[in-house]
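The values are calculated or read from the model by the stated rules, or taken from the named source; none is laboratory data. These numbers come from a predicted model, not from an experiment. Counting neighbours? That spans all protein chains shown, and the Cβs are built from the backbone with ideal geometry, glycine included.
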Amino acid sequence: MFGLFKKKTPLQVLEEKYKGLQKEAFDLSKSNRMQSDLKQAEAQEVLKEIEALSSQA
């Protein structure tokens, strides 16, 4: 209950975004491969940002 209003760190926000993009890419891979590849590329960009933040800490 005390963590209810706790803000997320930028790293946590990026990790959630990455997971969401990975899930979207997987779901799209069943119907539209080109869209899936675009989502996968977007997820890779987010992963690079996560790695950059992790190396700074």
Looking at (1) in contact with a Leu (Cβ under 8 Å, 6 or more places away or on another chain); (2) without any contact (Cβ under 8 Å) to a residue 12 or more places away in the chain; (3) among the β-branched types (Val, Ile, Thr), which one does VAL13 not meet, given that it meets all the others? (1)
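Looking at this structure, is LEU38 surrounded by fewer than 16 Cβ atoms within 10 Å (Cβ to Cβ), at pLDDT 95 or above and either hydrophobic (A, V, I, L, M, F, W, C) or not in a helix (DSSP H, G or I) (or both)?
yes
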